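For reference, the structure is listed below as structure tokens.
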Amino acid sequence: MNPLAESLNATLEGTVAHRLLSRTGRHLFFPKGIVAQSAEAKERAHRFNATAGMAYRHGAPMILPAAASVSAAFSPAESVAYAPTPGVAALRERWKEEMIKKNPSLASVRTSRPLVTAGLTNGIVHLAELFVDAGDPVVMPDMFWGNYRLILEHRKEARIMTFPFFSEEAGFNVEGFAAACTEAATARGKVIVLLNFPNNPTGYTPTEAEARAIVARLTALADDGTDILVIADDAYFGLFFESGLQTESIFAPLSTAHERILAAKIDGATKEDFAWGLRVGFITYASPGLDDNAINALEQKTIGSLRAVVSNTSNLSQHMLLKVMNDPAYERQKQDARDILEGRYRELKAGLERRRSSDPDSPLTVLPFNSGYFMSFDCGAVDAEALRLALLDRGIGTISIAGRYLRVAFAAVEQESIGELIDEIYDAAAGM
């Protein structure tokens, strides 16, 4: 094992992060190679800096005139230069400020500085590299984003362990969740949990009471001696359309819950800032069992994974996001966009109630939803894939899941067209 990895492991020794590390995670470190040496040179090489593989002219990175013309608002250092492996420092600080603003209970919590990833998917991949071994069970609801399977089962050879998302009371299934976590702890001696709220594909966020119950069940399991990693996939964070919901990330209460719980937050600009193609995500860690040295060691291991997989995330995208976040109109513009989505949500709720009342014998059952981009139907006796194809014949695109569920991205449909969309879905189902 590389001595740098051994040093980081020694720093983490005795913490939940060390016990949860995968075989790959134990071997990861940030090498003192070109990137690290270039960073040192940036601080000290005041005469000539012949380190990183970038071409300079008159003290700035070279840029083609054609590239300069389409990025006129940015200097070459902000556009075509390499970004630091952990991300642009000013953006990392700005994102942490916003994270605390959106999650006030984090104000006094020791967390890592957010590390920049090439989108949220890339963040999940890095966490899988660090903490998931072949055969590990990963607990999540049975309604989950399909890419989790590709990352965790097909790439890491882990085992996704699901539980029914909804309880009989049509809320988050806390009892099923707790049972799955206990089963995973028995099988492997540790628990890895992945929670995505607002959820894709259901569009459901737990209530405040449900969130407290989730944290309580995990804390009880930790009290019994189980080490737990909880990954909070907050891709759709902030899009909450009803009162009484858990409007702070589940990461926030878990960040101080127990020394045996390591909380990892995956978030980014993709949906929160309506910037899907910029591919800027973040990883943030917290646990009461980690001091500053341990957090730094965990960051270094993650930076090593970033270096090995993507080297660094788009510099231009990061600086674009930073400029957007520093714009005085930033918050107002985000709220305007959220208001548009909430209008579509309200229209959808009203239209579904109208169809439920007028068509009580429909095979379609609306699953609970209260947030995010999506809602889903349980198609009952109707095959969801057949219904998807029938809707395609009508010029309507939806997503079928497991032959049983139909996901509808209402965020992608204008408010004035929501009623027509609902009628088409019900009419197509009725004709099958």
Looking at the stretch 92-118, which of its residues are charged (D, E, K, R) and either buried (at least 22 other Cβ atoms within 10 Å of the Cβ) or touching an Asp or Glu at 6+ places or on another chain (Cβ under 8 Å) (or both)? 102, 110, 113
Test each condition in (1) at pLDDT 95 or above; (2) within 16 Å of the chain's Cα centre (by Cα); (3) not in a loop (DSSP other than H, G, I, E, B) for residue 277 and report the one that comes out false. (1)
Residue 113 passes all but one of (1) part of a helix (DSSP H, G or I); (2) touching a residue at least 24 places away in the same chain (Cβ under 8 Å); (3) among the basic types (Lys, Arg); which number fails? (1)
So for the stretch 156-175 (the condition being out of contact with any strand residue (DSSP E or B) (no Cβ under 7 Å at 6 or more places or on another chain) and farther than 25 Å from residue 375 by Cα), does at least one residue qualify? yes
Scanning the stretch 338-352 residue by residue, those surrounded by 12 or more Cβ atoms within 10 Å (Cβ to Cβ) and either out of contact with any helix residue (DSSP H, G or I) (no Cβ under 9 Å at 6 or more places or on another chain) or more than 20 Å from residue 410 (Cα to Cα) (or both) turn out to be 338, 342, 349
Those residues of the stretch 189-222 which are in contact with a helix residue (DSSP H, G or I) (Cβ under 7 Å, 6 or more places away or on another chain) and among the β-branched types (Val, Ile, Thr), in sequence order: 191, 192, 193, 214, 215
Hey, can you tell me all the residues within the stretch 183-232 that are buried (at least 20 other Cβ atoms within 10 Å of the Cβ), more than 19 Å from residue 147 (Cα to Cα) and of a type in the set (Ser, Thr, Tyr)? 205, 226
Given the condition in a helix (DSSP H, G or I) and surrounded by 23 or more Cβ atoms within 10 Å (Cβ to Cβ), answer yes or no: does some residue in the stretch 259-270 qualify? yes
Checking the conditions here, which among 52, 81 is surrounded by 14 or more Cβ atoms within 10 Å (Cβ to Cβ), in a loop (DSSP other than H, G, I, E, B) and at pLDDT below 75? 52
Count of the stretch 271-285 residues which are buried (at least 23 other Cβ atoms within 10 Å of the Cβ), over 21 Å from residue 335 (Cα atoms) and not aromatic (Phe, Trp, Tyr): 2
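The values are calculated or read from the model by the stated rules, or taken from the named source; none is laboratory data. Small disclaimer: the values here were computed from a predicted structure and weren't measured. Every residue, glycine among them, receives a Cβ derived from its backbone with ideal geometry; neighbour counts consider all protein chains shown.
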